[in-house]
1. Applying the selection to region 403-416, what residues are surrounded by 14 or more Cβ atoms within 10 Å (Cβ to Cβ) and β-branched (Val, Ile, Thr)?
2. Given (1) at pLDDT 55 or above; (2) within 26 Å of residue 240 (Cβ to Cβ), identify the lone condition not met by residue 15.
3. Taking residue 186 as the residue in question, decide whether it is among the aliphatic types (A, V, I, L, M), part of a loop (DSSP other than H, G, I, E, B) and within 16 Å of the chain's Cα centre (by Cα).
4. Can you pull out every residue in region 59-78 that is surrounded by fewer than 16 Cβ atoms within 10 Å (Cβ to Cβ) and touching a residue at least 60 places away in the same chain (Cβ under 8 Å)?
5. Looking at 149, 136 in this structure, which one is open to solvent by 10 Å² or more (accessible area, probe 1.4 Å) and either under 12 Å from the mean Cα position of the chain (by Cα) or of a type in the set (A, V, I, L, M, F, W, C) (or both)?
6. Return the only residue of 275, 295, 248 being surrounded by fewer than 19 Cβ atoms within 10 Å (Cβ to Cβ) and small (Gly, Ala, Ser).
7. Scan 341, 348, 354 and give me the residue that is over 30 Å from residue 129 (Cα atoms), outside any helix (DSSP H, G or I) and without any contact (Cβ under 8 Å) to a residue 12 or more places away in the chain.
8. Taking region 226-242 on its own, how many of its residues are closer than 20 Å to residue 96 by Cβ and either surrounded by fewer than 18 Cβ atoms within 10 Å (Cβ to Cβ) or over 15 Å from the mean Cα position of the chain (by Cα) (or both)?
Amino acid sequence: MSMASKNFAKPMGEGSANKDSGNYSPDTFKVLLKKLVQSPTEFTAEDCATAFRHLCVQAASDAQAGAFLTALTLSGLDSSPELVAACASVLRQHAIAVKDLETETHDEAIQRGHWDYSDSDKEGDGYTGYVDIVGTGGDGWDTFNVSTTAAVVVAGTGVRVAKHGSKAATSSSGSADLLLSLDCRLSFPITELPSFLPRSPFLFLFAPHYHPSLAHIAPIRRQLNFRTIFNVLGPLINPATPGRMLLGVAKEELGDTFAEVLRLLNVERALVVCGKEGLDEISIAGETWTWWLEGGKITKGSIHPTEDFGLPTHPLSSVRGATPDLNALTFETILANSTQPPPHLSAPAGPDSPSLPAVLDYVLLNAAALLHVSGRAKDWKDGVRLARESLASGGAKAAFEGFRDTSKQAMGENVDIKIVEDDGGVAAKNGFVKAWLRANRKDDSAPSTPKREEGK
C-alpha cells in the first residue's frame with residue numbers, strides 16, 4: 001500500500017495500542033534511531049510510527065528520545081505529511097478515548113431541563129458530529145483567545161464543539177488559562193464525560209489529561225528548547241476525533257502539509273487557514289490563505305473579512321490579547337452581547353489599541369468560518385448571521401454556562417442551576433434561545449460566493 005493511500009485514521013482494536021509494547025525496548029529503539037540518523041531518506045512513516053509507539057510506552061531512554069526528536073527535526077522529516085499523519089495516528093490510539101457521547105431525545109431534554117438539540121439538528125446539512133477550531137500557535141502576535149471564544153459562539157447554535165487545548169506555550173493566555181479564569185474545571189474524571197453533552201454543546205478537553213502517555217516527554221522537550229514534531233501534532237490529536245475542523249497555521253508553507261495530514265487522517269471536511277501576516281487564525285486585518293478539504297480533495301484559495309464575510313477590517317494591534325483574567329472580562333462582555341467595553345479596552349477605540357468592536361468582529365469572523373465548515377451555515381455571511389444570533393439570543397452564554405456548571409458538578413461541587421422556561425413553557429436549558437429565534441428570525445439574505453482557486 002502506498003503512503004498516499006494508507007489509512008492512518010483507522011483505530012486499533014481494543015487493547016491493541018499496547019499489544020506489542022512487550023516487544024519494545026531501548027535496544028529495539030536503537031535500530032530505528034540509527035536508521036534515522038544514518039539513512040534518513042529510507043526512514044518511512046511506519047518506522048516513525050513504530051518509534052512513537054516506543055515513546056508512548058516509555059521503551060526509549062530520555063537520551064534516545066531527545067536524540068530522536070533532534071534527528072527528526074534536522075532531517076526535515078518532521079514536515080512530511082505521511083510521517084506527521086502516522087505519528088498523530090499513534091498518539092490518538094494511545095490517548096484516552098472520548099466516544100459514545102450521546103444527546104437525549106426531545107422529551108428527555110425537556111423533562112430534565114437539559115439542552116434540546118431537536119430543532120438545531122435539522123438546520124444546515126444535518127451533520128451532528130463534533131467540530132474543533134484550533135491553531136498551531138507560535139505566530140508571535142499574541143492576539144485575544146479567539147478560537148476558544150468562537151468555539152463557544154458556535155456551540156451556542158447547537159453545533160457540538162469538542163475544543164482540545166492546553167495552557168499557553170507561546171502567548172499570554174492559552175485556551176485552558178482562559179477557561180480556568182472563567183471558573184471552569186478542566187481535570188474532571190473521564191467517567192463524567194457522558195454528562196456534558198446533554199447539558200451543553202460545548203466541551204473542552206484539557207490535552208494533558210487525555211494524553212498520559214506523553215507526560216514523560218514534556219521535560220525532554222523543555223530541555224531541547226527548540227520546536228519539534230510535537231509542536232505540529234497538538235492540533236491533530238483531539239481524542240474526540242472531530243470529523244470537521246478549522247485549523248490555523250502560522251506559516252503559509254505549513255498549509256499544504258496540514259491539509260494533506262488531515263486528508264490522510266480521513267477528516268471529512270476541514271479548512272486550514274493562515275493569515276497573511278503569519279497569523280494562525282483567520283485574520284481580521286486582511287486576506288487569509290485557505291486550504292479547503294472535502295471529499296479527499298484539497299482546494300487552495302483565500303478569504304477576506306469584508307469581501308467574503310461583510311465585516312470591517314481592523315489592525316491586529318486592535319485584537320491584541322492580555323492576561324487570562326483580562327481576556328476573561330472581554331469574553332464575558334462578548335457573551336453578554338454588551339457594547340460597554342471592560343476597563344482594560346480602549347473606549348473610544350484608538351487606531352492601535354485593543355478595542356471591543358475589533359475583538360467582536362474577530363470572533364464573529366472565525367465563528368462564521370467554523371459554522372460554514374460544520375455545515376450549519378450555507379456560506380461565510382450566513383455564518384456571521386448565525387454567530388450574531390448565538391450572542392443575541394443568549395445561546396453562546398447558555399452553552400458556556402452549561403459547560404462551566406457541569407465541570408463543577410463533575411468534580412463533586414454543588415451548583416445551583418436554574419431552569420429557565422421560554423414563552424411557550426419549554427423547560428429546556430436552551431428554551432429561551434428557541435423562543436428568541438422564533439421571534440426574531442427574518443428571511444435569509446442572499447448567499448455569498450466564497451472565493452477559491454482551482455483545486456490541486
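The values are calculated or read from the model by the stated rules, or taken from the named source; none is laboratory data. Everything quoted here is computed from the prediction, not taken from an experiment. Note: ideal-geometry Cβ built from the backbone for every residue, glycine included; neighbour counts use all protein chains shown. Calculation scope for accessible area: heavy atoms of the full protein, side chains included, ligands and nucleic acids excluded. Shrake-Rupley method; radii C 1.70, N 1.55, O 1.52, S 1.80 Å.
1. 406
2. (1)
3. Values: among the aliphatic types (A, V, I, L, M): yes; part of a loop (DSSP other than H, G, I, E, B): yes; within 16 Å of the chain's Cα centre (by Cα): yes.
Considered against the rule, which asks whether it is among the aliphatic types (A, V, I, L, M), part of a loop (DSSP other than H, G, I, E, B) and within 16 Å of the chain's Cα centre (by Cα), residue 186 comes out as yes.
4. Step one: of region 59-78, the residues surrounded by fewer than 16 Cβ atoms within 10 Å (Cβ to Cβ) are 61-63, 70, 74, 76.
Correct list: 62, 70.
5. 136
6. On the way: 275 fails: surrounded by fewer than 19 Cβ atoms within 10 Å (Cβ to Cβ); 248 fails: surrounded by fewer than 19 Cβ atoms within 10 Å (Cβ to Cβ).
Answer to the selection: 295.
7. When all the criteria are applied, what remains is 348.
8. Filtering region 226-242 for residues closer than 20 Å to residue 96 by Cβ gives 230, 233-242.
Keeping just the survivors that are either surrounded by fewer than 18 Cβ atoms within 10 Å (Cβ to Cβ) or over 15 Å from the mean Cα position of the chain (by Cα) (or both) gives 230.
The qualifying residues number 1.
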